[in-house]
Amino acid sequence: MSAASAPALANATPPIPVTVVTGFLGAGKTTLLRALVQRRQSRRLALLINEFGEVAIDGDLLRAEGDGQGQVQIQDFAHGLIAYGDDEQFVPAMLALAARRAQIDHVLIETSGLALPSAVMEVLQSPELAPHFVLDATLAVVDTPLLLEEAFASGNVVRDATASLFRQQLECADVVVLNKIDGMDEAPLLQAEAVVRALAPNVRFLELAYGARLDIRLALGLRLHQAGATVHHHYTPVGMPGERATVAANQRRFNGHAHSGLGVHSHGLSTHKHFHEQDPGWQSFTLRSTVPQDPERLRQAVAAAALAEPILRTKGFVHGADGPLLLQAVRARVVAAASGQGSAVGRGNHSELVFIGYHPSRSKVARILAERTGADWT
């Protein structure tokens, strides 16, 4: 697209709203997005998915939710962090979306769990993209049980590095989504809110995601960064039967839901250096096996690897003895279950796991998996 044609395109239609979804490794960003895609109603969405690693897992999961009619467009960004200085794909990808403005109602960008969303937020304000896009809101998804377990407390290098990034992700957010809260009563929810408020007092709203589901009206169309935009009002929570009363009661308690009298939030954007430049210890690697796996043995193997090595996140598709499995792990909390999508999100006759950690030993993790599953992992 030429520079001469860009203003004409911008003047012809209003800018496309963009929601940036951030959150640390394993917070549940992709699961939340899958639920939004399922409940999108007639909205035509474009999703840009950024993963830290060589294999795209999240994009495949989201594609499985598509209707095959072009209502959901998905693009993966692997190897590096989206919109950072050395990323040459982001601006062209966004301009390609702008050229298809008539087919897109909203753009969602899921940043890597090891990235700050401010890089995307700043580039959206660049001369190339500002005529075509407007930031709707930045959502930070939080693994609430992990937060309450004081996993971000100081005490070692891994936790200190994690805490710094997690805090900065919160500080960039307009909305913090407390995820993985099923079964929690009021006390831990209020405690989680207090922790978030202490870490990032300028966060505007807190939302509750039961069953990793967020009412689409609380995620899209908030218009928090449009000039002259009014602050949005809550609607009655939409949840599964039996959830609505609990959601409504808890939301009335949360001071994060006093949505009045607030001006447009300013993030004070400046260029954020890729934090890996200062700390190259964060690494990702992929292990594969062609042997059908027993889910419980594999779950225990992955948990053992996370206890032996500083592995913070594991995810991937598994060739199970009884069918394809999806494995998700945050540290030593591991779930391996039927994917629910058949071969659409599988890897055929082999398993593929992505490990993300801080100075992890690939050979040691491979050895632990081999010893505990009785299969080679390379």
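Below are the figures for this structure:
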| item | result |
| --- | --- |
| Rounded Å value of the spacing that divides the Cα centres of segment 170-207 and segment 24-53 | 20 |
| Order by protection proxy (mean Cβ within 10 Å, highest first), peptides 30-38, 194-202 | 30-38, 194-202 |
| Ordering of 371-378, 178-185, 83-90 by burial proxy (mean other Cβ atoms within 10 Å per residue, highest first) | 178-185, 83-90, 371-378 |
| Karplus 3J(HN,Hα) series, Hz, for segment 102-119 with 6.51 cos²θ - 1.76 cosθ + 1.60 (x for Gly, Pro) | 5, 9, 10, 9, 7, 10, 10, 10, 9, 7, 4, x, 10, 10, 8, x, 5, 5 |
| 10 Å beta-carbon shell around L206, net charge (K/R +1, D/E -1) | 0 |
| Net charge of Cβ neighbours under 9 Å - reference T22; Lys, Arg +1; Asp, Glu -1 | 0 |
| Per-residue ³J(HN,Hα) for segment 297-314, Karplus 6.51 cos²θ - 1.76 cosθ + 1.60, θ = phi - 60°, Hz, x for Gly and Pro | 4, 5, 4, 5, 5, 5, 4, 5, 5, 5, 6, 7, 10, x, 8, 9, 8, 9 |
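Read the figures in this text as sums done on the coordinates, not as results from a lab. This one's a predicted model, so the numbers in the text were calculated from it and none came from an experiment. In this analysis, Cβ positions are derived from the backbone assuming ideal geometry, glycine residues included, and neighbour counts consider all displayed protein chains.
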